[in-house]
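Below is one structure, written out as structure tokens, with a few remarks after it.
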2 protein chains.
Amino acid sequence: MNEEALVARLKRLFPQSADVVEGPGDDCAAIRLPGSDSLLLAAVDQVIEGIHYLPGEEICRVAEKLVKRNVSDIAAMGGTPSHAMLTIAANPLGEGTLFRFFEAAQTACARYGMCIIGGDVSALPAPGAVFTLSILGYVTLDCMKRRRTAQPGDLLCGTGSFGRSFPTGRHLRFEPRLEEGRYLGKQRCVHAMMDVSDGLLKDALRMASDSGLALRLEADSVPRYDGASLEEALTDGEDYELIFAVAPGEADALMAEFPYTRLSKFGVFLEGTPGKLVNLPDLKKKGFDHFHENN
Amino acid sequence: MNEEALVARLKRLFPQSADVVEGPGDDCAAIRLPGSDSLLLAAVDQVIEGIHYLPGEEICRVAEKLVKRNVSDIAAMGGTPSHAMLTIAANPLGEGTLFRFFEAAQTACARYGMCIIGGDVSALPAPGAVFTLSILGYVTLDCMKRRRTAQPGDLLCGTGSFGRSFPTGRHLRFEPRLEEGRYLGKQRCVHAMMDVSDGLLKDALRMASDSGLALRLEADSVPRYDGASLEEALTDGEDYELIFAVAPGEADALMAEFPYTRLSKFGVFLEGTPGKLVNLPDLKKKGFDHFHENN
């Protein structure tokens, strides 16, 4: 079973109560709060030694990355982060490491306006380290962006540029697009939004699939980071840029007025098989053969 | 550095925003919600193979325990659980195990009125398993009970009985005291409350210490589970009973009217060195020598 099918099966397993505006499957869950116009956003993420970073990586960098990945999830909903809880399971579990981790996490959380309200520390029986962060935040319903609400004809746009996140160190140094996400959250012409962690192409096709649409990707228009090949830009992952679906008549004005980073448009959502990349043969002619169609 | 000193040092590291009514150090954090009388409760807990359960334990039991431990934290605040997020980091990470875990977690969450709104699944590089659950819940400010607000002269009371949680299988089979916690939350004579996970004596002394009080424990009055020795009742842990501090003149009426399990009174909070057990010599005469005074 591939990851998409697994997630779909898991989602069916979890019925949601009436106050859940957005359940599992988006960057955050969103819950209606009693007596309030605000929605509570919630997400959780893990960083694991040997999977998400190599043993020997400076622990402060790991803490910072964990915080920023979660902030990026709040940004992708158009929200504002507020509180975090941290867990550590590690072996060895030295006090020095523990404090450096928590100090770095505290500094990063404070930078994004969050406080750390709880957590848990435990030993692991064998060498290794697992860190989790649960993040809370707020957004109003009219500013919240989902990933599953792109409309036929919408243009696929994105912040920044893509590819070579690991060799350039950007997978650690990136800044979550928090201001950008809030700005885009307020724009009615932005119909859907998500952050890019698993690679531009994979994540853009998720937005298409969850919206019940196909996608044509204009490969020549994808902004590539610092000498990245097309393949690197489309598949490297850990870019932590925002991608979003914009009403076609309003994309140019949005791009012209956007006060932050450069925006680009590089695709269009179409009626068709959900999640299908309609111009894959063209991409293959351009030397892109990493991606195997499996739908 | 012992655990208490470590927690104290960590708490100082984390400044709290104005909306945080209770920060790290209690069973849950509590946050004031915009435009609402309700407080949001939040906690996170881990269950780790080889630390909290043995390899080979039925995975459904592990899921159930993880949910119930967290529900017990909400109960200890007088609250009502509402939503959960789950993470799994495991090696091997078989789909069968994954689904049995999530199904059991879903069943347990539904039993306590919660839905699962998100999560994360990752491989571990080496054999093992780490599960975390982040729980959310609600409580009104006037019903919320903290652990740090016992008053001099208050009686130490508890639900149920203590000891031999592991040999009797109660550490897996226990029922979190959710109804009991909500009932006690509504009683103004209950000044402080927490759940017992690390052993009755250790946790009662935490309540004393956090309240700036000493404690006299009436060892003969501690209800022991099914043949537990005094030492087992005081130190075994994983009882998941609630202990609470009650105004002395009102304890008998509360105990007589309590509609759930048996309540017992077995100690008194006193002015004195915070966290000091004033009658340790008496306890030692009764054959209790497991506990080493370190304050």
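The values are calculated or read from the model by the stated rules, or taken from the named source; none is laboratory data. What you are looking at is a predicted structure, and each value in this text was computed from that prediction instead of being measured. Methodologically, a virtual Cβ is constructed for each residue, glycine included, from the backbone with ideal geometry; neighbour enumeration extends over all protein chains shown. SASA here: full protein model, heavy atoms, side chains in, ligands and nucleic acids out. Shrake-Rupley method; radii C 1.70, N 1.55, O 1.52, S 1.80 Å.
Given the criterion in contact with a strand residue (DSSP E or B) (Cβ under 7 Å, 6 or more places away or on another chain) and at pLDDT below 95, identify the matching residue among B:119, B:137, B:79, B:96.
Of the residues listed, the single one that is in contact with a strand residue (DSSP E or B) (Cβ under 7 Å, 6 or more places away or on another chain) and at pLDDT below 95 is B:119.
In the range B:237-260, the qualifying residues are those that are closer than 30 Å to residue B:52 by Cβ and open to solvent by 10 Å² or more (accessible area, probe 1.4 Å), and the one that is modelled with the lowest pLDDT is B:238. Only a single item in (1) open to solvent by 30 Å² or more (accessible area, probe 1.4 Å); (2) in contact (Cβ under 8 Å) with a residue 12 or more places away in the chain; (3) facing another protein chain (nearest Cβ under 10 Å); (4) aliphatic (A, V, I, L, M) is not met by residue B:93, and it is number (3).
The residues of the range A:61-76 that are open to solvent by 10 Å² or more (accessible area, probe 1.4 Å) and more than 14 Å from chain B (Cβ to nearest Cβ), listed by number, are A:61, A:64.
Listed here are the residues, each with its yes/no results for (1) closer than 23 Å to residue A:193 by Cα; (2) modelled with pLDDT under 95; (3) touching a Phe, Trp or Tyr at 6+ places or on another chain (Cβ under 7 Å).
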site: A:262; (1), (2), (3): yes, yes, no
site: A:268; (1), (2), (3): yes, no, no
site: A:288; (1), (2), (3): no, yes, no
site: A:291; (1), (2), (3): yes, yes, no
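Of all the strands (runs of 3 or more DSSP E) wholly in the range A:103-221, which have at least 3 residues that are farther than 30 Å from residue B:6 by Cα and under 16 Å from the mean Cα position of the chain (by Cα)? Counting at least 3 such residues, we get A:155-159, A:190-195. For the range A:39-58, the candidate set comprises residues that are in a strand (DSSP E or B) and small (Gly, Ala, Ser); within that set, the residue that is surrounded by the most Cβ atoms within 10 Å (Cβ to Cβ) is A:43. Yes or no: the range A:185-201 includes at least one residue that is open to solvent by less than 60 Å² (accessible area, probe 1.4 Å), at pLDDT 95 or above and out of contact with any helix residue (DSSP H, G or I) (no Cβ under 7 Å at 6 or more places or on another chain). Yes. Against the conditions (1) of a type in the set (Gly, Ala, Ser); (2) in contact with a Pro (Cβ under 7 Å, 6 or more places away or on another chain); (3) at the interface with chain B (Cβ under 8 Å from one of its Cβ atoms), residue A:123 satisfies every one except (2). Is it fair to say residue A:88 is modelled with pLDDT of 90 or more, within 22 Å of residue B:11 (Cα to Cα) and outside any helix (DSSP H, G or I)? So residue A:88 fits the description; yes. Select from the range B:39-51 the residues that are more than 16 Å from the chain's Cα centre (by Cα) and of a type in the set (A, V, I, L, M, F, W, C) and list them in ascending order. Passing the criteria: B:39, B:40, B:48, B:51. In the range B:142-150, is there at least one residue being out of contact with any helix residue (DSSP H, G or I) (no Cβ under 7 Å at 6 or more places or on another chain), under 30 Å from residue A:17 (Cβ atoms) and within 12 Å of chain A (Cβ to nearest Cβ)? No. Filtered by the rule that a residue be of a type in the set (Lys, Arg) and in contact with a Phe, Trp or Tyr (Cβ under 8 Å, 6 or more places away or on another chain), the range A:135-178 gives A:145, A:164, A:170, A:177. For residue A:7, the conditions (1) touching a strand residue (DSSP E or B) at 6+ places or on another chain (Cβ under 9 Å); (2) open to solvent by 10 Å² or more (accessible area, probe 1.4 Å); (3) modelled with pLDDT of 95 or more all hold with the exception of (3). For the range B:13-31, the candidate set comprises residues that are more than 22 Å from the chain's Cα centre (by Cα) and either of a type in the set (Val, Ile, Thr) or more than 7 Å from chain A (Cβ to nearest Cβ) (or both); within that set, the residue that is most open to solvent (accessible area, probe 1.4 Å) is B:18.
This table checks each residue for (1) buried (at least 19 other Cβ atoms within 10 Å of the Cβ); (2) of a type outside the set (Phe, Trp, Tyr); (3) at the interface with chain B (Cβ under 10 Å from one of its Cβ atoms); (4) under 20 Å from residue A:172 (Cα atoms).
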{"position": "A:78", "(1), (2), (3), (4)": "yes, yes, no, no"}
{"position": "A:98", "(1), (2), (3), (4)": "no, yes, yes, yes"}
{"position": "A:113", "(1), (2), (3), (4)": "no, yes, yes, yes"}
{"position": "A:130", "(1), (2), (3), (4)": "yes, yes, yes, yes"}
{"position": "A:139", "(1), (2), (3), (4)": "yes, yes, no, no"}
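Please determine whether any residue of the range B:157-165 is within 13 Å of chain A (Cβ to nearest Cβ), more than 25 Å from residue B:55 (Cα to Cα), open to solvent by less than 20 Å² (accessible area, probe 1.4 Å) and modelled with pLDDT of 95 or more. Checking the range B:157-165: not a single residue is within 13 Å of chain A (Cβ to nearest Cβ), more than 25 Å from residue B:55 (Cα to Cα), open to solvent by less than 20 Å² (accessible area, probe 1.4 Å) and modelled with pLDDT of 95 or more.
Of all the listed residues (A:82, A:36), the sole one being within 7 Å of chain B (Cβ to nearest Cβ), more than 17 Å from the chain's Cα centre (by Cα) and surrounded by 15 or more Cβ atoms within 10 Å (Cβ to Cβ) is A:36. Scoring residue A:149 on the criteria (1) over 21 Å from residue A:236 (Cβ atoms); (2) open to solvent by less than 20 Å² (accessible area, probe 1.4 Å) leaves a single failure, condition (2).
Here A:233, A:245, A:251 are screened, and the one residue that is more than 17 Å from the chain's Cα centre (by Cα) and small (Gly, Ala, Ser) is A:251.
Among the residues of the range B:25-38, those identified as over 12 Å from residue A:34 (Cβ atoms) and part of a loop (DSSP other than H, G, I, E, B) are B:25, B:27, B:28.
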